[in-house]
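All remarks here apply to the structure that follows.
The values are calculated or read from the model by the stated rules, or taken from the named source; none is laboratory data. None of the values given here were measured: they were computed from a predicted structure. Ideal geometry is used to build each Cβ from the backbone, glycine not excepted, and the neighbour counts take in all protein chains shown. The protein model used for the area step is the full one, side chains on, heavy atoms only, and it has no ligands, DNA or RNA in it. Shrake-Rupley method; radii C 1.70, N 1.55, O 1.52, S 1.80 Å.
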Amino acid sequence: MRWPAAKSGGLGVTAVAYVAIDYLRILSPTWHERLQPVLWSLLALAAVMRVPYYRHWSAEFRAAIPFLASMIFMLSALLFEALNVRFVTAVMGLDWHNARPPLPDTGQWLLLALNEKLPEAVVEILRAHIIGLHHYLMLFIMLAFSVLFDSVKAPGLGLGARYMFTMAVGRLLRAITFASTIVPSARPWCASSRYGIIPRHPHRWAQKYYVPYAADTEAIRQVIVRDMAYVDTSNYIADYRPDWGSMSFLIDFLRPTTSEGSSWYSLLKMAGGGCNDLVYSGHMLVAVLTAMAWTEAYGGYSSALIWLLVMHSAQREVRERHHYSIDCLVAIYVGILLWKMTGFIWSAKGGTRDSRLAKLGKIQGRLLQAAKDSDMDEVRELLKDVELGNQEGQKQGPSKVMWLFASGTIFFSLTIVILAFTWTSDG
């Protein structure tokens, strides 16, 4: 891969310093406590000093509405994801999770084999918790704020809007994907440790459509032939059903217990992570989007370093069995493709250099003739047309963002309504 050239090395050095100083929390907590406040103070002071000299406030104001719309879309997608995270674990009950072995993962086998072949120092580096989810988020924030130093193309809010919009689409697709087929956790004890008070028995949907056909070969053949759930399971094991008013349709998804709060919102606030929200990895999606943003907006060798950290995070997710190999691989594919598809929101290339070159190509003949005739007024007019055309292209960008945001919001809302109507009508 050819890395785009960075405008300066300052942002890359700052990123390396941030990751290195934060890793001191493991190597030397004392030095970490001393150096981290100094780093943040210097960065905040530098940013504040650059604010009066920032020249792109008009572009930032134009990008404010897409930024806010993308934020709302992302928060909605995260809420939808949180509901599904609880659902895919609670619907099967604790007994199913405790008895279900992990899937065979050749990526895990490979890492275990490499542990036997590689030097111990290399293995320890692969095991090290060098970077986590919050680091990738902070690296992106540093990237967006670097517009103050002209290290990244303005507007920073446009870059933020693209990041959040892409994240929202990725999270929405992820929730739909892992809720479609429930995959057993690579850590069999996960459900008991995180959701120890959910019912032990499966939900009535699973009792009717899954349990009778889960292990009996002949029953599976019959349900394929009949294409109908034919086993009589009318005597369901009942669940606790609190009064959540208009949100009572969520009871079948969340399966609350008497000790988990009086509302669906308080139940979700108690969540401490998922167990079966596997395909694909949400942590890896964040890492890949940060790396893609950094590569396009800044480039340089620091981008290559961030991609190395992404690969390190992927193997550690598999090594520690937070995810299967397929979860991390699919997250990398999806993250790269989604970022490529959302370039109309903000792009380091579009709207400036590329559009100007295209415009110049169209008027090249007229420009050369005006230069030969020493007609400087004509030359200035032609160059002014190029600049105005570029500004017009930039102003049209937010409208495209709003159209796509509206389409995504409509799709998201319709999905929730259809699923809620379908599943609640069964009861």
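Worth a mention:
- Only one of Ser28, Ser70, Ser41, Ser76 that is among the small types (Gly, Ala, Ser), crowded, with 18+ Cβ neighbours inside 10 Å and under 30 Å from Leu308 (Cβ atoms): Ser70
- All helices (runs of 4 or more DSSP H) inside the stretch 132-199 with 3 or more residues being over 30 Å from Trp109 (Cβ atoms) and open to solvent by less than 20 Å² (accessible area, probe 1.4 Å): 133-145, 156-180
- Only listed residue being at pLDDT 90 or above and in contact with a Gly (Cβ under 8 Å, 6 or more places away or on another chain), chosen from Val183, Val169, Val123: Val169
- Note on the stretch 247-295: residues that are at pLDDT below 90, part of a helix (DSSP H, G or I) and under 29 Å from Phe165 (Cβ atoms) total 10.
- Test: residue in the stretch 59-72 that is closer than 30 Å to Asn276 by Cβ and either among the aliphatic types (A, V, I, L, M) or touching a Gly at 6+ places or on another chain (Cβ under 6 Å) (or both): yes
- Residue satisfying all of: in the stretch 200-223; more than 20 Å from His97 (Cα to Cα) and out of contact with any helix residue (DSSP H, G or I) (no Cβ under 9 Å at 6 or more places or on another chain); surrounded by the most Cβ atoms within 10 Å (Cβ to Cβ) among these: Arg221
- Pairs linking a residue in the stretch 118-129 that is open to solvent by 70 Å² or more (accessible area, probe 1.4 Å) to a residue that is of a type in the set (Val, Ile, Thr) and assigned to a helix (DSSP H, G or I), with Cβ atoms under 8 Å and 6 or more positions apart or on different chains, are His129/Ile26.
- Qualifying positions in the stretch 325-367 - aromatic (Phe, Trp, Tyr), open to solvent by less than 50 Å² (accessible area, probe 1.4 Å) and either over 29 Å from Leu173 (Cα atoms) or at pLDDT 85 or above (or both): Trp339
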